[in-house]
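Please read the structure below before turning to the comments.
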4 protein chains.
Amino acid sequence: MRKFGIIGIGHVGVTIAYTLVTKGIADELVLIDTNEGKAVAEQLDLEDAQARLDTTTQIKIQNYADLSDADIVFMTAGKIDAAKESGNRWAEFEYTSASVKNIAPQLKASGFNGIVIDTTNPCDAITQYLQQSTGLSTSQVFGTGTFLDTARMQRVVSEQFDTNSKNVAGYTLGEHGDSQFVAWSSVQVNSHPLEEFAKQQGQVLDYTALEKEIRLGGWSVYQGKGYTSFGIATCAVKLAEAVLSDAKLECPVSCYNEEFDTYIGQSAVIGKNGVEFVNTIPLTDDEKASFKNSAETIKEKFATM
Amino acid sequence: MRKFGIIGIGHVGVTIAYTLVTKGIADELVLIDTNEGKAVAEQLDLEDAQARLDTTTQIKIQNYADLSDADIVFMTAGKIDAAKESGNRWAEFEYTSASVKNIAPQLKASGFNGIVIDTTNPCDAITQYLQQSTGLSTSQVFGTGTFLDTARMQRVVSEQFDTNSKNVAGYTLGEHGDSQFVAWSSVQVNSHPLEEFAKQQGQVLDYTALEKEIRLGGWSVYQGKGYTSFGIATCAVKLAEAVLSDAKLECPVSCYNEEFDTYIGQSAVIGKNGVEFVNTIPLTDDEKASFKNSAETIKEKFATM
Amino acid sequence: MRKFGIIGIGHVGVTIAYTLVTKGIADELVLIDTNEGKAVAEQLDLEDAQARLDTTTQIKIQNYADLSDADIVFMTAGKIDAAKESGNRWAEFEYTSASVKNIAPQLKASGFNGIVIDTTNPCDAITQYLQQSTGLSTSQVFGTGTFLDTARMQRVVSEQFDTNSKNVAGYTLGEHGDSQFVAWSSVQVNSHPLEEFAKQQGQVLDYTALEKEIRLGGWSVYQGKGYTSFGIATCAVKLAEAVLSDAKLECPVSCYNEEFDTYIGQSAVIGKNGVEFVNTIPLTDDEKASFKNSAETIKEKFATM
Amino acid sequence: MRKFGIIGIGHVGVTIAYTLVTKGIADELVLIDTNEGKAVAEQLDLEDAQARLDTTTQIKIQNYADLSDADIVFMTAGKIDAAKESGNRWAEFEYTSASVKNIAPQLKASGFNGIVIDTTNPCDAITQYLQQSTGLSTSQVFGTGTFLDTARMQRVVSEQFDTNSKNVAGYTLGEHGDSQFVAWSSVQVNSHPLEEFAKQQGQVLDYTALEKEIRLGGWSVYQGKGYTSFGIATCAVKLAEAVLSDAKLECPVSCYNEEFDTYIGQSAVIGKNGVEFVNTIPLTDDEKASFKNSAETIKEKFATM
């Protein structure tokens, strides 16, 4: 039986819930939010959907004790308004760190011993704080981090060449925030190194412009719809499926980096234990410097928490 | 190739879009909204999701001409705030009828000749207006109507007996609004007539209370989350799939009733032509009176449009 | 985590396996067969498929100990040739009862304490024998029974009216074999009682001919393809999903009937405990006699085992 | 509306059919086989499944005229026994080339103008013959070719490192037969070049042994189950989905190579026109020689047709 919990059912949380229910991924689902009325409403709306679906999910709400035997808990509490006003994910930090300080002990007290997947921003810091405050291992707690920024890189690069984003390999690494960077040396299109493919196609790439578009991808979505939900929820669900099926999926997530002693977006292998291991990919010297810089940025801000 | 359009990408429209993309139902999808920035943002957010999905959907925005060869167009424009304040779907009528007056000629001009599935409220009146103003046949234009209210009836009844809403058969009929009614004579639980099943279980049912809970199901969701999306989107997608596969799915929708010369929620068979035929189910005299009353309510209000 | 075992990977077993893997239903799957080479080959073929799927399933083979923590075990051992030659499912009995005598103690010894779904023929007798020989409760062990014959009834009736088999309600009951019968009083088409619907459509139904076509549905498939697989596997997977999600799905299966002290095809509610309860539906006197006759047929043959 | 045809409903063809129906991919499906009784039986078995599925597919049989407006036709006629006895796909050539000579004119006469995906062996030669004899363009006709052998390479390599086959990138190229080869220079594991990853893991790879295991993957499956079906069907369905959604999926298929004037397994981009373009990937000199050798092998044998 697959059992999931979602703590914080704002736009991201409910999109995850809707996906788990409508795709028949979850056998049991627990929704928790500080707004009880919203939890009741989302449960009702999902129940209305179930009469028209072929699969069934048992949906419960508002009780941390129900998380005790969950396989996976998504941490999706957030306060997008704070971030939106300033255009910076750290602007949510004050609010979300307070949320996590409230949530972590309750999650711990439930006896939950599964995997936590965090989407709450600032993702790297919040994930680290969650890990420390729940006492779960660094394997068990990780964040979506640059898995989403990598999807945005794939989208932006694919648009340059009128190809499918799934044909683009490579990584956005570092902070799920302004100090992130694309490891351009890792990027491939249709199985060609990016630079070679661009030459074949007679294109000269403006890497600075591309990277800006990738980094600001989230803000573009925010500006138009007031939040982001579909990309991030799809990333979170894919990671959850990798855990449940012990898929050993290699992809970038926010997880603990020993060298820099911080959570940060880096390639890892995701399986039944959560982060099975960090998969260090080769970087150029410039990329290494960018990674170091991003790690330091995260650590500095984390220290203020 | 399956091609869909969605006109109006508020909460319902984007949930339909997300479902069509993430379940791999749509090969091509056109999003249209009066808010261009929102259309851009939803397209971006869906594209971000696609790098993490196994299927691909071509997504276009804002051009009615792209609907010319669509199989199905969802009409989902709405203004939930108007309805929410008053607790009455007719409160949206002024706004949504104006929207439809603007949209219908553009849809017609595109050369679109497929099936329209309407979720815009007040559903029965708007669907009728859409049919008349586009010049498409009454087969081609229908609304979700009481398909959703029937799902709510299934949910409410199933909760009485701790069973699955999919085990509850029967109909909510009439207006997708206050004059709707449950055709209790049609309701079955676990393949037993409702009243007999209640007796078996030693329960005495309060039909008035149940019916109120069903009718107010939507408002309960509104109050908690500010809108409804999951139930209605799931209903709309299921109807669309029935059209594409010529499924001849028997279910209640809002479609044209000859006797009362109005659109109204009634059992019909949905196939490749949209409404293949109305499937008149037997009703008690009281239920027939309720149906007539609901039809007259819709007609009166429609006349004010 | 969802874990399944399949004992006997002939046509039915591997179709179940393929479905669980390709639809992403199973996180872990154990295949067991007396033909080791076939188990190796099926595992390889399924692994070849996995590189092209979005989901992952861990596949193991040939070790009963791996079933200890499975949620569900499908029992699908069979010897179709014996049945085919004689046109009678009891012809398989000698072979399959010997198989079960060999399998049951190994399943029991593994410590398995989940739900067993049996498709092996003669289904009613084999399911009963499995229950008795494993010592699992009658809730935990049930067979597909007339769930498949009911699907065939739905198909045959739907063809009469050019409608969808999903619009046909009602039951085939009794033995998954020659003494089965359609409870015509339970059959509905497009939510109308069958006889009334036929009258509306100006049709006079030949119930004897219809029932023959339903009962011989399996043999028609056998004659053309040498076995049946798709219908039965789809039934078995649907029942398994109902167990995992505690769906309380009401449907006909082969389960224990107290009155006649035998396994037999009857309506039941399927949930996390397997058969949650038998859901006795109203029958006419003739149908009751047919049910009794069928129960006695099963018992007589079972006694020879 | 998505419409598919399958010509030849042996093990591969029916597995494709089952997948298209049970995953709700096909709205309409046409099955054609020289054995009419088998076509009838497979249709019946699939129809029996449909009452238990949430989606619907219209299934027709045996009429080439029904293919006139199909989007995609799978060519899956084969005679596995011939191949099995000799352990060589060319052993099927005599039989399958005769089949194609019979089928091609009927397909052409239907007016079909969509995309043909061929799985019939020897895949490269048969696909070429199909293209020539139907008069469809080289874009419109392609074969699964080494898409399956590449899946086998991914499986074999992933097993070396206990990772997921989806984490293995790279190609098996050339003939879908004995002269195929792995382009080891293209292979990556967890985003590392294979050789580097092996070093990191302290492994020394025996490429000859790996390649043998890959090339003989199909025979291992044949030996155990008498045919292959799941891997090949999954490959074929994935290609079909890429065509329908214009996915521009980059992957190895058997398609026309201008330099060598033959169909052969090579990287291409699959979209709505079938093969959008050949995506020539960089090869070492040895790999180029292997490719040339494989092309010549195919041409020689094709000349005997």
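With respect to C:GLY174, determine if the residue is in contact (Cβ under 8 Å) with a residue 60 or more places away in the chain, open to solvent by less than 20 Å² (accessible area, probe 1.4 Å) and closer than 30 Å to D:ILE9 by Cα. Considered against the rule, which asks whether it is in contact (Cβ under 8 Å) with a residue 60 or more places away in the chain, open to solvent by less than 20 Å² (accessible area, probe 1.4 Å) and closer than 30 Å to D:ILE9 by Cα, C:GLY174 comes out as no. All of (1) at pLDDT below 95; (2) open to solvent by less than 30 Å² (accessible area, probe 1.4 Å); (3) within 14 Å of chain D (Cβ to nearest Cβ) hold for C:ARG152 with one exception: (1).
Do we find that C:ASP118 is at pLDDT 95 or above and charged (D, E, K, R) in this structure? Yes.
Has the stretch C:175-186 got any residue that is within 21 Å of C:PHE230 (Cβ to Cβ) and either among the small types (Gly, Ala, Ser) or assigned to a strand (DSSP E or B) (or both)? Checking the stretch C:175-186: at least one residue is within 21 Å of C:PHE230 (Cβ to Cβ) and either among the small types (Gly, Ala, Ser) or assigned to a strand (DSSP E or B) (or both).
Where residues in the stretch C:187-196 are open to solvent by 20 Å² or more (accessible area, probe 1.4 Å) and part of a helix (DSSP H, G or I), which of them is farthest from B:ILE281 (Cα to Cα)? Before the answer, list the steps.
Looking only at the stretch C:187-196, we keep the residues that are open to solvent by 20 Å² or more (accessible area, probe 1.4 Å), and these are C:188, C:191, C:193, C:195-196.
The next check asks that each one be part of a helix (DSSP H, G or I); those that pass are C:195-196.
Values: C:GLU195: 14, C:GLU196: 11 Å.
Ranking the qualifying residues of the stretch C:187-196, first place goes to C:GLU195.
Within the option set D:ASP118, D:ASP124, being closer than 17 Å to D:ALA236 by Cβ, in contact (Cβ under 8 Å) with a residue 60 or more places away in the chain, open to solvent by less than 10 Å² (accessible area, probe 1.4 Å) and touching an Asp or Glu at 6+ places or on another chain (Cβ under 7 Å) holds for one residue only, D:ASP124.
Residues are listed down the side, and each one gets a yes or a no for (1) more than 21 Å from A:ASN121 (Cβ to Cβ); (2) in contact with an Asp or Glu (Cβ under 6 Å, 6 or more places away or on another chain); (3) part of a loop (DSSP other than H, G, I, E, B); (4) not hydroxyl-bearing (Ser, Thr, Tyr):
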{"site": "A:LEU29", "(1), (2), (3), (4)": "yes, no, no, yes"}
{"site": "A:GLU47", "(1), (2), (3), (4)": "yes, no, no, yes"}
{"site": "A:THR56", "(1), (2), (3), (4)": "yes, no, yes, no"}
{"site": "A:LYS60", "(1), (2), (3), (4)": "yes, yes, no, yes"}
{"site": "A:GLU92", "(1), (2), (3), (4)": "no, no, no, yes"}
{"site": "A:ASN102", "(1), (2), (3), (4)": "no, no, no, yes"}
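Screening C:GLU159 with (1) open to solvent by less than 50 Å² (accessible area, probe 1.4 Å); (2) closer than 30 Å to C:LYS23 by Cα gives one miss only, at (1). The residues of the stretch B:92-111 that are under 22 Å from B:GLU175 (Cβ atoms), in contact with a helix residue (DSSP H, G or I) (Cβ under 6 Å, 6 or more places away or on another chain) and open to solvent by 40 Å² or more (accessible area, probe 1.4 Å) amount to a single one, B:TYR95. Checking each residue in the stretch C:15-48 for being open to solvent by less than 10 Å² (accessible area, probe 1.4 Å), within 10 Å of chain D (Cβ to nearest Cβ) and over 22 Å from A:THR55 (Cβ atoms) picks out C:ALA39, C:ALA41, C:GLU42, C:ASP45, C:LEU46, C:ASP48. Number of residues in the stretch C:51-79 that are within 14 Å of chain D (Cβ to nearest Cβ) and open to solvent by 10 Å² or more (accessible area, probe 1.4 Å): the value is 11. Please go through the stretch B:232-266 and pick out each residue that is within 7 Å of another protein chain (Cβ to nearest Cβ) and within 22 Å of B:GLY5 (Cβ to Cβ). Of everything in the stretch B:232-266, those that are within 7 Å of another protein chain (Cβ to nearest Cβ) and within 22 Å of B:GLY5 (Cβ to Cβ) turn out to be B:THR234, B:CYS235, B:LYS238, B:GLU241, B:LEU244, B:SER245, B:ASP246, B:ALA247, B:LEU249. On the given criteria, is B:ALA41 at pLDDT 95 or above, more than 16 Å from B:TYR263 (Cβ to Cβ) and part of a helix (DSSP H, G or I)? Spelling it out, B:ALA41 is indeed at pLDDT 95 or above, more than 16 Å from B:TYR263 (Cβ to Cβ) and part of a helix (DSSP H, G or I). Check the stretch C:189-207 and report whether any residue there is within 14 Å of chain D (Cβ to nearest Cβ) and of a type outside the set (Ser, Thr, Tyr). Checked the stretch C:189-207: at least one residue is within 14 Å of chain D (Cβ to nearest Cβ) and of a type outside the set (Ser, Thr, Tyr). For the condition more than 8 Å from every other protein chain (Cβ to nearest Cβ), in contact with a Phe, Trp or Tyr (Cβ under 8 Å, 6 or more places away or on another chain) and of a type outside the set (Phe, Trp, Tyr), D:THR138 qualifies. When C:VAL168 is tested against the conditions (1) under 30 Å from C:LYS79 (Cβ atoms); (2) within 14 Å of chain D (Cβ to nearest Cβ), the lone failure is (1).
The values are calculated or read from the model by the stated rules, or taken from the named source; none is laboratory data. Keep in mind that this is a model prediction, so the values were computed, not measured. Methodologically, a virtual Cβ is constructed for each residue, glycine included, from the backbone with ideal geometry; neighbour enumeration extends over all protein chains shown. To get the accessible areas, we keep the full protein, side chains included, count just its heavy atoms, and leave off ligands, DNA and RNA. Shrake-Rupley method; radii C 1.70, N 1.55, O 1.52, S 1.80 Å.
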